[in-house]
Amino acid sequence: MILRPKDLQIEDERTNQRRYRRELEQQDASRRKYDGPRNNVWTGTAAPATSSNGGGSIVGRVALTGVDQALGRSEYYIGERYAEFGGVAVFGWASDIAGTFFLGTTEHPLCDDVAVIRSFRSADCQIIDYADDVVRSGAVSFARPDDALKIPSPAQKRARSRPRRPGTSDDAAESQQTSGADHSATRQTRERRVPRLGASVRAERLLRERLAAPRKIGLASVLATLQPDQYDLVARPAMESTVIEGPPGTGKTIIATHRAAYMINAQPENSLDGDVLVVGPTDGYARHARGALRELTGSDTRITVESIPGLLRRIVNVKSLPTGDISTCWQDADVTLGRFVDSVISTQPQGRKSNRRRFTALEIYEMLRKNKNQASGRPITADPEWTSYLGRLPDWYRARRVRALLPLVAYVNWVVNREPPVGLRHIEHIVVDEAQDMTGLEWLLLNQINQTGAWTIIGDMNQRRSDHTYGSWSRVLEVAQCFAHPTIETLERGYRSTKPILDFANRLLSREQRTVSAVQIEGPAPVVEEVGPAEIGAAAINQAVRMVAAYRDGTVAVITNHGRPVIEHLRANGWSKSPQAGSHIWRRGSFGLTVLHHDAARGLEFDGVVVVEPASFPKNYGRNGPLYTALTRANRELVVVHAKALPRGLSRDADE
Ligand SMILES: Nc1ncnc2c1ncn2[C@@H]1O[C@H](COP(=O)(O)OP(=O)(O)OP(=O)(O)O)[C@@H](O)[C@H]1O
C-alpha cells in the first residue's frame, strides 16, 4: 500500500500518542501507590481519583517560530495533562501554555512566537486526521518522532516575525506542507491566509466536519476545535464570575462543561481547592452534559452535574420527584419565601442560653404555615397576599409530596442541615446553564450551596419559558448575590443549526433579536406540513421515520406540547418505549427515535426534529420561548407538522 505523506504524518502522530498513553498509564500507576490519602479527602473513599479520562488523547500540537530558550524546544503537544517522554513534551489543555494552541486573547509569553497550530481529529481514541493553522510566517514544521528523540540544542530565538493574527486557518498551506515527499524537520511553511468564518476561527475544516457529523446521544468534548472566543470564556480564573448569553446552539453548554473541567485542572492560581457544581434544567440535560465532562475529567469526582429537579431530590432526600406543576402560583417560586425562612433562622435562639438547640426543618416550615416566628413571637409577614399564601400551605409531610413546594422544602432542609449531601459539600463555583429558567427561590438555594459566590451564569432570555423567572441578568445577579458585577458576554456564532433552520426559528423573534450567524450555511429548508387534526400523530411519525432512515448514524426527535396523538400512533404501529428509567426513546426493530415534551428538550440536540402543532406550545409574556427552543434543537433538518394555524411569524406569508 502506498501511503500518502499525510498518512505518514498521521502514523507519526499516532506513534507519539501511543507513547503518551503509556506515559500517562505509568503516571497513574505510581499515583495509585502514593496518592491514596489525598484522594481520600476528595472522594471520601479509598479509591484514587484521577483527572485523566484514561484515553490519553492528544488534541493538538504547536510549532514555534524557533527554539524557545526557557522551554528548550521549538514545539510541543497539547493533551490531557503534562507528560514528557523521549524529547517530546505534552502540556495539559488547562495549563497556561495551552493558550498558545487555543489562540485566545489570554496572553502567554509564547503567544507571540506561535507559527503553526495543528489540531487533531480522533475517533475511538485514535488520531485520524489533522488540520494546520499557519499563524505567522517563519514556521518550523513539526518534527517526526525519531527526530524528536534528539533534543535540539537551545539556539537563539528567531527575531520576531509578523504579529499573530488568529483565524488564519489554512488547509491549503497545510496540504502544501504535507503533500510533498519532503518531511525534513525544518522546512519552512508558506504563509497563505484564507479567512472564511471571519476573524478568530481555528481548525475551520475540522470544525465544519464535526458540526456536520451525526449527533450522538450525549454531548462530546470539543477541545481540538474549541474556538478562541470560547477558550477565553472557559479559561478565566475560577474565582471570576461571568454571565454568558447567546442564542440557541452558540456553544453555551460547551463553554459550561469545558469551563467546569478547566477550573479543576488549571494551574493553582486559576483553579479551585473545592468543587464545581454544574446545574441544568432537566435530568436529560444532566446526562447530556455529563458526556462531555466524562471525556474531559474521567473519574474526577470534583464536578457534580445535576438538574434542578435532581438537586431538589438530593437535598430533600426523596428517590423520585413528586408529580404536578412546577409552580401553581408565583409565590411558590418567589425569592421572598426563602427570605422568610432566612428571617426565622436569623432570630432563632443562639448561644448558651438556648442550649444550642436549633429549629428543625419541620419547625421552621410550621412557623411559615402559621405565619408566626416562635423566637420573636411576631408574625413573619403582614402582607395580606403572603399571609393568605402561607395559610394555604399543606403540612410538612404533604408538602414533601407536592412538586411545586419542593424548592421551599429543599431550601428549609438546606439551611437547617449541617451535613449537606455528598457532591454538594465543598462547592466553590456554580455553573448554571439554561439560567433563564431558574426561579428566585432556586437562585437563593444555589446561593446557599455556593461557598464563595463565584458563578458562571449562562443562558438565553429568548428561550425563557416561565413567567416566574427573571427577565434580566442584573436581577439574576442581585438575587444570586453575585456582587462582582461581571460584564455580560454575548455569543453570536451558531454552531448547531443550519442557516435555513435558524432563519426559520428567528421569525419568532423581533428583528433586533436575530443576532445569531450560522456556521453551517447549507442545509435543507424547513418543511411545514399541514394535515387534518386526526392525522397529526401519523404525519409526525412518518416524517420522523423518513429522517431516521436518512440519519442512520444520528438522532431524530419529535417534540410536542401534547404528546398523546404521537404516542398513540407509535403504540398502534408496533413501537415500544425503552424500559430504561427517564428514557424518551421509542424503538421498532433497528429504528429508534426520541419523543419529548418541549420542557425535556431543553439543551438537547438531534440531527432531525419534528415539531408538532406549534400553536399548542405555551407562551410567556407574549413570547414563544418553548417553541423557539423546540425549533432550534435540529442540527440538520427541521419539520413542522400542524393542524391548527401556525403562530404569527411562522406562517408562510409572515414578514421575512
Ligand atoms: N468549538 C466547537 N467545536 C465543535 N463543535 C462545537 C463547538 N462549539 C459548539 N459546538 C457544537 O455545537 C452544538 C451546540 O452547542 P451547545 O449545545 O453548547 O449550544 P448551546 O448554546 O448550549 O445551545 P442551546 O442553548 O440551544 O441548548 C453542539 O453539538 C456542540 O458540540
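The values are calculated or read from the model by the stated rules, or taken from the named source; none is laboratory data. What you see is a predicted model, and the numbers here were worked out from it, not measured in a lab. Don't worry about glycine lacking a Cβ; one is built from the backbone with ideal geometry, like all the others, and counts go over all protein chains shown. Heavy atoms of the whole protein, side chains included, go into the accessibility calculation; ligands, DNA and RNA do not. Shrake-Rupley method; radii C 1.70, N 1.55, O 1.52, S 1.80 Å.
Please determine whether any residue of segment 573-594 is in contact with a strand residue (DSSP E or B) (Cβ under 8 Å, 6 or more places away or on another chain), closer than 13 Å to I536 by Cα, open to solvent by 30 Å² or more (accessible area, probe 1.4 Å) and among the hydrophobic types (A, V, I, L, M, F, W, C).
Filtering segment 573-594 for residues in contact with a strand residue (DSSP E or B) (Cβ under 8 Å, 6 or more places away or on another chain) gives 573-578, 583-588, 592-594.
Retained after the next criterion (residues that are closer than 13 Å to I536 by Cα): none.
Within segment 573-594, not a single residue is in contact with a strand residue (DSSP E or B) (Cβ under 8 Å, 6 or more places away or on another chain), closer than 13 Å to I536 by Cα, open to solvent by 30 Å² or more (accessible area, probe 1.4 Å) and among the hydrophobic types (A, V, I, L, M, F, W, C).
Matching residues to (1) farther than 17 Å from G537 by Cα; (2) more than 16 Å from the ligand (Cβ to nearest atom):
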position	(1), (2)
A550	yes, yes
E568	no, yes
T629	yes, no
E637	yes, no
> Of the residues that sit in segment 553-572 and are without any contact (Cβ under 8 Å) to a residue 40 or more places away in the chain and farther than 27 Å from N624 by Cβ, which one is surrounded by the most Cβ atoms within 10 Å (Cβ to Cβ)?
Replying inline: R571
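Within segment 386-401, identify whether any single residue is more than 24 Å from V278 (Cα to Cα), surrounded by fewer than 16 Cβ atoms within 10 Å (Cβ to Cβ) and of a type in the set (S, T, N, Q), and answer yes or no.
For segment 386-401, residues more than 24 Å from V278 (Cα to Cα), surrounded by fewer than 16 Cβ atoms within 10 Å (Cβ to Cβ) and of a type in the set (S, T, N, Q): present.
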> With (1) free of Cβ contacts under 8 Å to residues at least 40 places away in the same chain; (2) within 14 Å of the ligand (Cβ to nearest atom); (3) out of contact with any helix residue (DSSP H, G or I) (no Cβ under 7 Å at 6 or more places or on another chain) as the list, and P268 as the residue in question, which single condition is left unmet?
Replying inline: (2)
>> Yes or no: segment 590-604 includes at least one residue that is over 28 Å from G310 (Cα atoms) and charged (D, E, K, R).
In response: no
> What is the residue count in segment 411-431 for residues that are within 16 Å of the ligand (Cβ to nearest atom) and in a loop (DSSP other than H, G, I, E, B)?
Replying inline: 0
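Given the criteria modelled with pLDDT under 95 and under 22 Å from the mean Cα position of the chain (by Cα), does S52 qualify?
Details: modelled with pLDDT under 95: yes; under 22 Å from the mean Cα position of the chain (by Cα): yes.
Yes, satisfied.
Take the residues in segment 199-208 that are charged (D, E, K, R) and either in a loop (DSSP other than H, G, I, E, B) or open to solvent by less than 30 Å² (accessible area, probe 1.4 Å) (or both), then tell me which one is nearest to A256 (Cα to Cα). Spell out the reasoning first.
Step one: of segment 199-208, the residues charged (D, E, K, R) are 202, 204-205, 208.
From what's left, either in a loop (DSSP other than H, G, I, E, B) or open to solvent by less than 30 Å² (accessible area, probe 1.4 Å) (or both): 202, 204.
On the way: R202: 20, E204: 22 Å.
Looking at residues that are charged (D, E, K, R) and either in a loop (DSSP other than H, G, I, E, B) or open to solvent by less than 30 Å² (accessible area, probe 1.4 Å) (or both), I get R202.
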> Can you tell me which residue in segment 209-222 is farthest from R496 (Cα to Cα), limited to those that are within 9 Å of the ligand (Cβ to nearest atom) and not in a loop (DSSP other than H, G, I, E, B)?
Replying inline: R210
> Does V279 meet the test of being away from the ligand (no atom under 16 Å from the Cβ) and surrounded by 22 or more Cβ atoms within 10 Å (Cβ to Cβ)?
Replying inline: no
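How many residues are open to solvent by less than 50 Å² (accessible area, probe 1.4 Å), within 19 Å of V316 (Cβ to Cβ) and at pLDDT 90 or above if we restrict to segment 345-371?
Taking segment 345-371 and keeping what is open to solvent by less than 50 Å² (accessible area, probe 1.4 Å), we get 345, 348, 351, 354, 359, 361, 363-368, 371.
From what is left, the residues that are within 19 Å of V316 (Cβ to Cβ) are 345, 359, 361, 363-368.
Narrowing the set further to residues that are at pLDDT 90 or above leaves 361, 363-368.
Qualifying residue count, segment 345-371: 7.
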>> Looking only at segment 432-445, how many residues end up being open to solvent by less than 10 Å² (accessible area, probe 1.4 Å) and assigned to a helix (DSSP H, G or I)?
In response: 7
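Any chance segment 481-503 includes a residue that's closer than 22 Å to D342 by Cβ and in contact with a strand residue (DSSP E or B) (Cβ under 6 Å, 6 or more places away or on another chain)? Break it down into steps so the answer makes sense when it comes.
First, pick out the residues of segment 481-503 that are closer than 22 Å to D342 by Cβ: 481-484.
Next, from what is left, pick out any that are in contact with a strand residue (DSSP E or B) (Cβ under 6 Å, 6 or more places away or on another chain): 482.
So far as segment 481-503 goes, yes, one or more of its residues are closer than 22 Å to D342 by Cβ and in contact with a strand residue (DSSP E or B) (Cβ under 6 Å, 6 or more places away or on another chain).
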> Just one of the numbered conditions (1) more than 12 Å from the ligand (Cβ to nearest atom); (2) surrounded by 15 or more Cβ atoms within 10 Å (Cβ to Cβ); (3) among the aromatic types (F, W, Y); (4) at pLDDT below 95 is not true of Y621; which one?
Replying inline: (2)
>> Can you find a residue that is outside any strand (DSSP E or B) and within 16 Å of the ligand (Cβ to nearest atom) anywhere in segment 583-593?
In response: no
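If a residue counts only when it is more than 16 Å from the ligand (Cβ to nearest atom), which strands (runs of 3 or more DSSP E) contained entirely in segment 446-543 have at least 3 such residues? Spell out how you get there, then give the answer.
On the way: elements: 454-459, 488-490, 527-530.
Qualifying strands (runs of 3 or more DSSP E): 527-530.
Any residue at all in segment 243-264 that is over 16 Å from the mean Cα position of the chain (by Cα), more than 9 Å from the ligand (Cβ to nearest atom) and at pLDDT below 95?
Narrowing segment 243-264 to residues over 16 Å from the mean Cα position of the chain (by Cα): none.
Looking for residues that are over 16 Å from the mean Cα position of the chain (by Cα), more than 9 Å from the ligand (Cβ to nearest atom) and at pLDDT below 95, one finds none in segment 243-264, hence no.
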>> Taking the conditions exactly as written (within 23 Å of I254 (Cβ to Cβ) and more than 16 Å from the ligand (Cβ to nearest atom)), does H598 satisfy them or not?
In response: no
